[in-house]
Amino acid sequence: MNFVLDLHCHTISSGHAYSTLTENAAHAAATGLTHLGIADHGPNMPGGAHLFHFMNLNVLPDTIHGVTILKGMEANIITYDGELDLPKMALERMDFVIASLHRVVIPSGSRGANTRAIVNAMQNPNVHIIGHPNDVSFDIEIEAVVEAAAKTRTIIEVNNSSLIPGSFRFDGYEDIEKTVALCKEYGVNILASSDAHFSQSVGQFDMAKPLIEASGIAEEFVVNTSAERLFDAIQAKKELFL
């Protein structure tokens, strides 16, 4: 299985990442990626980018170092009702939107509350991907999340950095293996991503790739194996909410 794009990549605009967009693109090109996503954190993350940052992404070139740049964001889920820290007008301008729970933005609630936050975020037609749903900080009902993803045509992320032993999100592989198995059962698209906070991590899928391959999920459901698969998945969600 060959991955050609990495969407979940941060730049210095996230406040706690350490490379520029140009540096990320250079590494993406060196590793053979065709597409690179900008997914800087929304403003409720300490040090996160201001609304103006996202509203001005159109000034960036479409390609850098020969790599196609996809202009998006990682929005923070800020309430258990699934509200995000960026307004509709910003979300609608993005090529893609990842929505994630972060413990420095919202405290972990009960399993039901955490699950409700993610499920409600998926009801937003501008949320295309749920980021690192297996964060150990947030206990969730995995099957309820995957079932909601199937109904809303939302992509579930397999976050490589969260699978690295020693990561603050890591608690073994059991939950993420269960998540991918459920995505296979429900026909939900998944996305492998690096969650890079430094340029040399861009395109790093060393933990996610073998886990995905071992699951037996069909390549057509792994959207970063083809830019067309990603675009088709995003379009499918848009059409669902028309």
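The values are calculated or read from the model by the stated rules, or taken from the named source; none is laboratory data. Bear in mind the structure is a predicted one, so any value in this text is a computation, not a measurement. FYI the Cβ positions are ideal-geometry reconstructions off the backbone, even for glycines, and counts take in every protein chain you see.
Observations, loosely collected:
- If you go through region 155-199 and keep only what is among the aliphatic types (A, V, I, L, M), assigned to a helix (DSSP H, G or I) and farther than 18 Å from GLU143 by Cβ, you end up with just LEU163.
- Condition met for GLY109 (touching a Lys or Arg at 6+ places or on another chain (Cβ under 9 Å), touching a residue at least 24 places away in the same chain (Cβ under 8 Å), under 19 Å from PHE241 (Cβ atoms) and small (Gly, Ala, Ser)): no
- Residues in region 40-84 that are among the small types (Gly, Ala, Ser), free of Cβ contacts under 8 Å to residues at least 60 places away in the same chain, in contact with a strand residue (DSSP E or B) (Cβ under 6 Å, 6 or more places away or on another chain) and within 20 Å of LEU191 (Cβ to Cβ): GLY42, ALA75.
- Residue within region 149-172 that is touching a residue at least 12 places away in the same chain (Cβ under 8 Å), in contact with a Pro (Cβ under 9 Å, 6 or more places away or on another chain) and farther than 26 Å from ALA227 by Cα present: no
- Restricted to region 162-204, and to residues there that are of a type in the set (A, V, I, L, M) and surrounded by fewer than 21 Cβ atoms within 10 Å (Cβ to Cβ), the residue that is farthest from THR31 (Cα to Cα) is LEU182.
- Cβ pairs under 9 Å, 6+ apart, first in region 85-104 and touching a residue at least 40 places away in the same chain (Cβ under 8 Å) and within 18 Å of MET45 (Cβ to Cβ), second surrounded by fewer than 21 Cβ atoms within 10 Å (Cβ to Cβ) and of a type in the set (Gly, Ala, Ser): HIS102/SER137
- Put simply, of ILE142, ILE118 the only residue that is of a type in the set (Val, Ile, Thr), under 22 Å from HIS10 (Cβ atoms) and at pLDDT 95 or above is ILE118.
- LEU7, sole failed condition from (1) of a type outside the set (Phe, Trp, Tyr); (2) surrounded by fewer than 23 Cβ atoms within 10 Å (Cβ to Cβ); (3) touching a residue at least 12 places away in the same chain (Cβ under 8 Å): (2)
- Of all residues in region 219-242 being among the aliphatic types (A, V, I, L, M) and more than 19 Å from ASP6 (Cα to Cα), the one that is surrounded by the fewest Cβ atoms within 10 Å (Cβ to Cβ): LEU242
Residues are listed down the side, and each one gets a yes or a no for (1) at pLDDT below 95; (2) charged (D, E, K, R); (3) under 27 Å from MET122 (Cβ atoms); (4) exposed (fewer than 15 other Cβ atoms within 10 Å of the Cβ):
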| residue | (1), (2), (3), (4) |
| --- | --- |
| PHE3 | no, no, yes, no |
| HIS35 | no, no, yes, no |
| ASP40 | no, yes, yes, no |
| PRO43 | no, no, yes, no |
| LEU60 | no, no, no, yes |
| HIS65 | no, no, no, no |
| LYS71 | no, yes, yes, no |
| LEU84 | no, no, yes, no |
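- Some residue of region 125-137 being more than 18 Å from ALA236 (Cα to Cα), at pLDDT below 95, over 13 Å from the mean Cα position of the chain (by Cα) and outside any loop (DSSP other than H, G, I, E, B): no
- The residues listed here are ALA75, ALA29, ALA25; of these, the one that is within 29 Å of ALA218 (Cα to Cα), among the small types (Gly, Ala, Ser) and in a strand (DSSP E or B) is ALA75.
- Members of region 22-39 found to be touching a residue at least 12 places away in the same chain (Cβ under 8 Å) and out of contact with any helix residue (DSSP H, G or I) (no Cβ under 8 Å at 6 or more places or on another chain), listed by number: THR22, ALA25, ALA28, ALA29, THR31, GLY32, LEU33, GLY37, ALA39
- Test: GLN200 is over 15 Å from the mean Cα position of the chain (by Cα) and either over 20 Å from VAL146 (Cα atoms) or free of Cβ contacts under 8 Å to residues at least 12 places away in the same chain (or both): yes
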